[in-house]
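The next block holds one structure in the form of structure tokens; read it before the comments.
The values are calculated or read from the model by the stated rules, or taken from the named source; none is laboratory data. Model, not experiment: these values are computed from the prediction. A quick note on method: Cβ atoms are made from the backbone with ideal geometry, for glycine too, and the neighbour counts reach across all protein chains shown.
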Ligand SMILES: N[C@@H](CCC(=O)N[C@@H](CS)C(=O)NCC(=O)O)C(=O)O
């Protein structure tokens with residue numbers, strides 16, 4: 001079978017299709033592919049100066065069904081991530097927690113953005129030429145690409161959106177399966193259980209799904225995406241609106257965490273991983289660069305201890321590389337930090353003891 005006869009990726013913004021429908025819905029229709037999208041988050045600003053995140057474009061779903069177009073297989077898929085990116089690090093956390101890192105390889109890009117093509121001013125994620133170039137970053141072992149942009153160009157000749165991470169790559173079909181972290185983590189949670197070292201860990205269990213989905217909604221709007229709305233706002237009013245919403249959501253989390261160990265009860269769920277990736281970057285980056293400075297996470301008794309609790313779950317600390325985080329945020333956004341000077345603090349020790357053991361764990 002030639003590559004051209006194989007299904008091309010399902011490529012357009014998420015619709016109201018159910019997950020299973022989307023899994024088998026391929027759209028080769030060129031009309032769907034010509035949506036003009038921002039090529040970088042810096043361009044994602046509305047007329048009123050508010051940050052408006054554009055949707056991810058690749059929405060195929062890996063399935064445990066061996067007859068599906070993207071069946072769960074050992075060694076077939078590869079995850080491209082940045083240690084700086086909270087969305088990508090959600091996926092990395094799942095590789096570690098589910099025990100999938102021998103089944104699905106991953107490659108970390110360089111911390112700072114670079115030119116993605118000769119003769120073009122676009123800057124974005126790039127790979128180092130060798131392992132020696134930057135600790136933690138690696139050359140692309142699958143496609144030999146020099147930038148993440150190149151991966152998108154291999155996957156689609158008509159794509160015109162952001163060249164974002166995470167990228168879940170199919171080595172067999174040489175294409176992007178999915179570039180939306182909220183969908184990738186669902187696949188990693190449920191579809192590789194025949195191959196995972198920790199198949200019993202279910203971070204989206206049926207009895208909590210409604211609560212998880214509802215909680216994800218306000219945490220995404222207020223906190224995960226909320227910090228970006230603060231940082232990327234180009235006018236005072238949208239900035240202030242985003243800050244209000246952010247601290248309302250953080251206060252709500254603080255209140256919930258005064259009664260239970262995790263956000264959806266006394267059991268770790270997807271919502272905790274999604275929240276953690278923002279909290280761990282908050283005091284080091286968002287409080288300073290994104291002007292989220294009404295209160296630090298380390299000033300919230302419960303949120304701070306909770307962040308340490310999750311950081312100390314085996315495998316999680318390996319998904320946090322504060323050097324990459326700080327080098328990227330402070331070094332890749334000249335419109336916000338033109339000199340790229342990296343603040344020295346606060347260097348929080350997330351391995352220090354926490355008090356979350358006061359809550360008993362449940363199923
Ligand atoms: N909705 C996406 C967002 C991914 C995203 O925005 N990634 C950022 C890094 S934190 C990126 O790669 N941006 C590239 C750019 O703006 O050019 C997800 O959750 O996977």
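Below is a table of values for the structure above.
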| item | result |
| --- | --- |
| Segment 47-68 - residue that is in contact (Cβ under 8 Å) with a residue 40 or more places away in the chain, assigned to a loop (DSSP other than H, G, I, E, B) and farther than 13 Å from residue 191 by Cβ and, of those, farthest from the ligand (Cβ to nearest atom) | 48 |
| Candidate set from segment 73-89 (those that are near the ligand (Cβ under 7 Å from one of its atoms) and either at pLDDT below 95 or in a loop (DSSP other than H, G, I, E, B) (or both)); member that is surrounded by the fewest Cβ atoms within 10 Å (Cβ to Cβ) | 85 |
| Verdict on residue 94 being surrounded by 23 or more Cβ atoms within 10 Å (Cβ to Cβ), farther than 21 Å from residue 329 by Cα and in contact with a helix residue (DSSP H, G or I) (Cβ under 6 Å, 6 or more places away or on another chain) | yes |
| In segment 91-107, the residues that are touching a strand residue (DSSP E or B) at 6+ places or on another chain (Cβ under 7 Å) and either modelled with pLDDT under 95 or within 13 Å of the ligand (Cβ to nearest atom) (or both) | 91, 92 |
| Hits in segment 184-196 (condition: in contact with a strand residue (DSSP E or B) (Cβ under 8 Å, 6 or more places away or on another chain) and more than 12 Å from the ligand (Cβ to nearest atom)) | 187, 191 |
| Criterion violated by residue 176 - all others in (1) within 16 Å of the ligand (Cβ to nearest atom); (2) closer than 30 Å to residue 290 by Cα satisfied | (2) |
| Qualifying residues in segment 286-295 (those that are surrounded by fewer than 22 Cβ atoms within 10 Å (Cβ to Cβ) and in contact (Cβ under 8 Å) with a residue 24 or more places away in the chain) - the one farthest from residue 92 (Cα to Cα) | 294 |
| Lone qualifier among 147, 164, 181 - being over 21 Å from residue 61 (Cβ atoms), surrounded by 22 or more Cβ atoms within 10 Å (Cβ to Cβ) and within 13 Å of the ligand (Cβ to nearest atom) | 147 |
| Output for segment 69-111, where each listed residue is closer than 21 Å to residue 276 by Cβ and either without any contact (Cβ under 8 Å) to a residue 24 or more places away in the chain or more than 20 Å from the chain's Cα centre (by Cα) (or both) | 101 |
| Of the criteria (1) surrounded by 20 or more Cβ atoms within 10 Å (Cβ to Cβ); (2) within 16 Å of the ligand (Cβ to nearest atom); (3) not in a loop (DSSP other than H, G, I, E, B), which one residue 215 fails | (2) |
| Residue match in segment 208-230 (condition: closer than 26 Å to residue 281 by Cβ and in contact with a strand residue (DSSP E or B) (Cβ under 6 Å, 6 or more places away or on another chain)) | yes |
| Of the criteria (1) in a helix (DSSP H, G or I); (2) away from the ligand (no atom under 16 Å from the Cβ); (3) modelled with pLDDT of 95 or more, which one residue 31 fails | (3) |
| Cβ pairs under 7 Å, 6+ apart, first in segment 112-124 and touching a residue at least 12 places away in the same chain (Cβ under 8 Å) and closer than 15 Å to residue 152 by Cβ, second away from the ligand (no atom under 13 Å from the Cβ) and assigned to a loop (DSSP other than H, G, I, E, B) | none |
| Test: residue in segment 5-16 that is within 16 Å of the ligand (Cβ to nearest atom), surrounded by fewer than 17 Cβ atoms within 10 Å (Cβ to Cβ), assigned to a helix (DSSP H, G or I) and at pLDDT below 80 | no |
| Every residue from segment 337-363 that is under 25 Å from the mean Cα position of the chain (by Cα), surrounded by 15 or more Cβ atoms within 10 Å (Cβ to Cβ) and in contact (Cβ under 8 Å) with a residue 60 or more places away in the chain | 348, 350 |
| Residue within segment 219-231 that is more than 14 Å from the ligand (Cβ to nearest atom) and out of contact with any helix residue (DSSP H, G or I) (no Cβ under 7 Å at 6 or more places or on another chain) present | no |
